[in-house]
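One structure is given below, represented as C-alpha cells, and several questions about it will come after.
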Amino acid sequence: MPAPNVPYLTFNNGQKVPAFGLGTWKSKPGEVTQAVKDAINCGYRHIDCALVYGNEPEVGDAIKAKIADGTVKREDLFITSKLWNTYHSKNLVIPTLRESLTNLGLEYLDLYLIHWPMGYKENADHFPKDDEGNVLYSDVDYVDTWAGLEDAVDQGLVRSIGVSNFSSEQVQRILDSCRIKPVTNQVECHPYLNQRKLIDWSASKNIIITAYSPLGSPDRPWAKPDDPLLMEDPKVVALAEKYKKTPANILIRYQLQRGLVVIPKSVTKSRIESNIQVFDFELSDEDMKTIDSFDCNGRFLHLTWVKDHPHWPFNVEF
C-alpha cells in the first residue's frame, strides 16, 4: 500500500506541521516502539508525545531505528512533547524539556506544549497527593511558564511552542503578555465535542487547533461501561458504509476537512495502516453538517477531580 501524501498546515511562525499524526497517550511501553515503527513505515511523519505518558524512551527507540534504516531523516519527522503540570516554574521548563529530548534521542523538538494550565506541587511525584488522595497544587501562573518555553525557542531546543487543554480566556492571557505566540492549542475534539467556538476564536488569532481523542478515546482509564462509544454510533457507522471506509476514517476525515491537525492513537498495526487512508475521499458538505449536528458538549476528558484548581480550564464556555 503506497504511503499517502499527508498535507501540511502552516503555523503562525511559518513552520509547517503534518495535518495527520500518531497519538501515543496510553500506548504502553513494550507496544509503542513497534507502533511508531509501523506508523513511520506507512507514511506517518508526525508523532505526538508527552513526558507524563511514560513511554518517550520507547518512542525514541523507534525514531532512532527508522532513521538508522534510511526510512526517514530527522528533518522528515515532526515530533511533539509536552511539559507536565509538576514543572510549571520557569526555571524547570528547560531541564524538563531536555529530559524529553534525552528520552527521545533528539537534539530539538518541532513542538513543545504546556500540557495543562494547572500547576501541581513541584519536586514530587507526577501526581502529588495528600493523605486523603487530593491532588496537591502549585500557585505558578502558566503565563510565567510560557516565558520558559520562549527561552527554549531562543536556545534552539524547540521550533514551535503551544498549549494543550487551554480555554480561549487562558490563551488570550498568554497572547496579552507573550514575545512568541502559541502556534496551536491541542484539545479534545470529536463530533460529540466539536469545539466550533474555540476553533473559530483560535482561527481569528491565527492559532491552529490540534484534535486529540478524535475517535472518542474509548480506552480512557475512567470510561464507564454505559458511556457512549463514538465509533459505534449508528450515524457514524452509516457514513462509513456510505463511503466504504471505517468509522475511524470518517471521524479523522471530518477533522481534516475542518482545517485541524488530527492525532488518532493506536498500537494495532492494521488500525495504524487503516487510519491514514483518509486522503482518497472527501465528505460532502451535507455530511459534514450532519456530523457537526452530533455535538452535545460530550467531553470525555474533564479532569473533574482537579476542578477546584484556579486554572481548571472547563468552567468557561470555550
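The values are calculated or read from the model by the stated rules, or taken from the named source; none is laboratory data. The shown structure was predicted, so the numbers you read here are calculated from the model rather than taken from an experiment. A quick note on method: Cβ atoms are made from the backbone with ideal geometry, for glycine too, and the neighbour counts reach across all protein chains shown.
Give the residues of segment 130-174 that are among the charged types (D, E, K, R) and outside any helix (DSSP H, G or I), sorted by residue number. Quick ask: steps written out before the conclusion?
Filtering segment 130-174 for residues among the charged types (D, E, K, R) gives 130-132, 139, 141, 144, 150-151, 154, 159, 169, 173.
Correct list: D130, D131, E132, D139, D141, R159.
Which of the residues that make up segment 37-56 are part of a loop (DSSP other than H, G, I, E, B), within 19 Å of T102 (Cα to Cα) and out of contact with any strand residue (DSSP E or B) (no Cβ under 6 Å at 6 or more places or on another chain)?
G54, N55
Sticking with this structure for a sec: Would you point out the residue of segment 82-120, among those that are closer than 15 Å to G156 by Cβ and of a type in the set (A, V, I, L, M, F, W, C), that is nearest to the chain's Cα centre (by Cα)?
Among them, the one singled out is L111.
Another one. Please enumerate the residues belonging to segment 9-36 that are among the aliphatic types (A, V, I, L, M) and either touching a helix residue (DSSP H, G or I) at 6+ places or on another chain (Cβ under 7 Å) or in a loop (DSSP other than H, G, I, E, B) (or both). Even if it seems obvious, please write down each step before you answer.
Applying the first criterion (among the aliphatic types (A, V, I, L, M)) to segment 9-36 yields 9, 17, 19, 22, 32, 35-36.
A19, L22, V32, A35, V36, listed by residue number.
While we're on this one: Anything in segment 100-130 that is modelled with pLDDT of 95 or more, among the charged types (D, E, K, R) and exposed (fewer than 15 other Cβ atoms within 10 Å of the Cβ)? List them, or say none.
Once the filter is applied, which keeps residues that are modelled with pLDDT of 95 or more, among the charged types (D, E, K, R) and exposed (fewer than 15 other Cβ atoms within 10 Å of the Cβ), segment 100-130 yields only E107.
A further question follows. Among the residues that make up segment 220-234, is at least one of them modelled with pLDDT under 95, under 30 Å from L101 (Cβ atoms) and either in contact with a Cys (Cβ under 7 Å, 6 or more places away or on another chain) or not aliphatic (A, V, I, L, M) (or both)?
Within segment 220-234, one or more residues are modelled with pLDDT under 95, under 30 Å from L101 (Cβ atoms) and either in contact with a Cys (Cβ under 7 Å, 6 or more places away or on another chain) or not aliphatic (A, V, I, L, M) (or both).
Just checking: which of the helices (runs of 4 or more DSSP H) contained wholly in segment 230-291 hold 1 or more residues that are surrounded by 22 or more Cβ atoms within 10 Å (Cβ to Cβ), charged (D, E, K, R) and without any contact (Cβ under 8 Å) to a residue 60 or more places away in the chain? Give the derivation first.
Values: elements: 234-243, 247-257, 269-275.
So the answer is 247-257.
Something else now. How about segment 57-86: which of its residues are in contact with a Leu (Cβ under 7 Å, 6 or more places away or on another chain) and among the polar types (S, T, N, Q)?
Result: T80, S81.
Restricting to segment 140-197, name every residue that is at positive phi and exposed (fewer than 15 other Cβ atoms within 10 Å of the Cβ).
Pass one, segment 140-197, residues at positive phi: 156, 165, 195.
The one that is at positive phi and exposed (fewer than 15 other Cβ atoms within 10 Å of the Cβ): G156.
List the number of the failed condition for G133; all other conditions in (1) at pLDDT 95 or above; (2) loosely packed, with under 15 Cβ neighbours inside 10 Å; (3) over 21 Å from the mean Cα position of the chain (by Cα) hold.
Among (1) at pLDDT 95 or above; (2) loosely packed, with under 15 Cβ neighbours inside 10 Å; (3) over 21 Å from the mean Cα position of the chain (by Cα), G133 violates only (1).
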